Amino acid sequence: MLFVSLEFDYFLFLIIAALYYYRSRQETILFLALLISAWSLALALKPVFEVPRPEDVRFVTCTTGYSMPSGHSLISFALATFLHPRAGKYKLLVWAFAITVSLSRIFIGVHYPSDVIVGAFIGCLVGFFWLYVEKMLIKYGLFGNSPEPPAEK
């Protein structure tokens, strides 16, 4: 669990590389925008909630700052929501990754379960938002997968 939690950034780099290699540069840029917005939202919400981190169960690692919402949980569920339509036969793996990352934050003692649940919920909202943005970009022809114009009669 410690490895999953602390090496989370490396997993993100692997996902970015896979998106770029197997999908498109546009999808990779959209994914990076999702990551930046999810990370920024997590940082912005922590001082709003001002929930202190658990003190009595942290036995593996130290961290500072407020606890609510879990940034790892928010980001991992945002990416799972965003990657779900693209994941094909790996859909279950994408969601298992998000759940494992989130549970690892509780296991190593840096978040309460409520922090992870709120982070997962907000993360799903962020993921759905960026799927909607992608849909609008496609609809208005600003994205590579724009629909073909209707055939003339």
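The values are calculated or read from the model by the stated rules, or taken from the named source; none is laboratory data. Keep in mind the model is a prediction, meaning the values are calculated, not measured. Here Cβ is always computed from backbone atoms with ideal geometry, including for glycine, and neighbour counts include all displayed protein chains.
If residue 42 satisfies every condition in (1) at pLDDT below 70; (2) closer than 20 Å to residue 95 by Cα but one, which is the exception?
Failed condition: (1).
With respect to residue 93, determine if the residue is under 20 Å from residue 118 (Cβ atoms), hydrophobic (A, V, I, L, M, F, W, C), modelled with pLDDT of 85 or more and assigned to a helix (DSSP H, G or I).
So residue 93 does not fit the description; no.
Go through the residues of the range 54-61 one by one and say whether even a single one is touching a helix residue (DSSP H, G or I) at 6+ places or on another chain (Cβ under 8 Å) and either modelled with pLDDT under 85 or on the phi < 0 side of the Ramachandran plot (or both).
yes
Restricted to the range 103-153, and to residues that are closer than 10 Å to residue 70 by Cβ, assigned to a helix (DSSP H, G or I) and among the hydrophobic types (A, V, I, L, M, F, W, C), which residue is modelled with the lowest pLDDT?
Here the residue is 106.
Within the range 88-110, restricting attention to residues that are crowded, with 17+ Cβ neighbours inside 10 Å, within 14 Å of the chain's Cα centre (by Cα) and not aromatic (Phe, Trp, Tyr), which residue is farthest from residue 55 (Cα to Cα)?
94
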